[in-house]
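The block underneath contains the structure these notes are about, expressed in structure tokens.
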């Protein structure tokens with residue numbers, strides 16, 4: 001009697017259904033909008049106390065990834081394997097207990113709820129994400145402030161691509177340097193004291209960061225830990241079960257310190273809502289193709305400042321805003337859209353905004369929430 005010989009088992013492991021379903025939910029949140037429907041059960045990580053598997057999202061490009069770690073009962077494990085997320089979700093629907101994976105050849109047997117399924121292993125390239133113990137720990141960042149910065153990075157990237165379609169890659173990155181996170185698109189800049197890292201790093205701040213933003217926001221703990229190797233930046237929460245990967249940008253960040261003003265001695269304090277209302281209106285009425293020039297006029301000892309915007313097609317806007325008592329006469333021109341973008345973030349945390357000036361040719365410095373600073377360049381004559 002002949003025997004049917006099955007191919008040798010390449011990997012065999014079992015995972016709790018509820019744990020796996022929860023991990024897949026996190027991965028789907030991470031890839032929302034990225035168009036990918038695949039996930040990787042990656043190689044097993046051996047430690048001195050237990051064996052556990054890595055379930056990792058790997059999108060169709062090579063610039064980002066998310067890994068969610070799961071406890072697993074491992075018989076043995078060979079190469080990583082790739083299967084479709086939607087197929088696995090259908091298999092797990094309504095099931096409880098544990099699900100077992102047995103990899104043979106180009107297929108994986110999935111056993112759950114008394115039923116054996118056979119799923120095809122996808123034949124395509126995917127990222128081999130580095131493990132944390134093979135990376136360098138750079139330090140921790142305040143999670144709340146970092147998440148706020150991630151949201152602002154989306155606006156920066158959009159504005160940079162619109163104003164400078166062929167802008168250098170570094171203008172789509174977040175640069176960590178000397179205890180600050182810095183972003184610029186060439187016209188205004190954010191400097192935020194989110195935490196000090198032991199090495200400088202320029203992290204992708206473009207669409208890839210937007211796609212993993214929900215995962216970063218939901219990482220446990222008040223801080224996130226940053227790790228790097230030669231290619232990747234890894235961001236993990238306090239439990240180190242969820243890890244987000246973004247590529248480093250191999251480019252030189254602009255010399256931002258040369259632009260940051262140091263001797264701005266004229267301090268103007270104004271109501272942030274009033275200022276935002278005017279510059280936001282000026283920006284929208286004029287349109288993005290206009291210079292949107294707003295002229296701010298200060299008179300020594302006055303209780304208010306004058307704001308005007310003139311457009312040859314639209315006409316003129318003007319208002320007065322209550323302020324402190326400035327020490328000398330001053331006039332300054334700036335682009336309304338950029339100031340509106342800055343104040344959109346400031347007004348969520350402050351009633352007043354402080355703006356420091358030096359002269360009409362030098363950037364103004366705007367103080368935001370607890371150490372966050374904004375630098376905006378003037379419109380020169």
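No value in this document is a laboratory result; all are computed from the given coordinates. Note that this is a predicted model, so its numbers are computed, not measured. Note: ideal-geometry Cβ built from the backbone for every residue, glycine included; neighbour counts use all protein chains shown.
Ranked for footprinting exposure by Cβ neighbours inside 10 Å, fewest first, 213, 104 give 104, 213. Counting neighbouring Cβ atoms within 10 Å and putting the fewest first, the residues 356, 227 line up as 356, 227.
For segment 261-376, the Cα gyration tensor yields ellipsoid semi-axes of 21, 17, 14 Å (square root of five times each eigenvalue, largest first, whole Å).
So if R0 is 30 Å, what FRET efficiency would residue 218 and residue 136 give, r being the distance between their Cβ atoms, rounded to the nearest 0.05? Here the calculated transfer efficiency is 0.75. The order of 64, 373, going from fewest to most other C-beta atoms within 10 Å of their C-beta, is 373, 64.
Subtracting the Cα-Cα distance of residue 258 and residue 285 from 0.36 nm times their residue separation leaves 6.4 nm of extension gain. Fraction of C-alpha pairs exceeding 17 angstrom in segment 137-256: 51 percent, rounded to a whole number.
Just grab the label-to-label distance for residue 18 and residue 196, each label 7 Å out from Cα along the Cβ direction, in nm (one decimal). Result: 4.4 nm between the two label points. Extending 7 Å from the Cα toward the beta-carbon at both residue 328 and residue 251 defines two label points whose distance is 4.0 nm. Contact order, relative form, for segment 261-376: 33 percent (alpha carbon pairs under 8 Å, 6 or more residues apart, mean separation divided by residue count). Between residue 144 and residue 265, the contour length at 0.36 nm per residue exceeds the Cα-Cα span by 40.4 nm. Modelled spin-label separation between residue 154 and residue 360, with each label point placed 7 Å from Cα along the Cα-to-Cβ direction: 3.9 nm. Distance between the C-alpha centres of segment 216-260 and segment 297-366: 34 Å, rounded to the whole angstrom.
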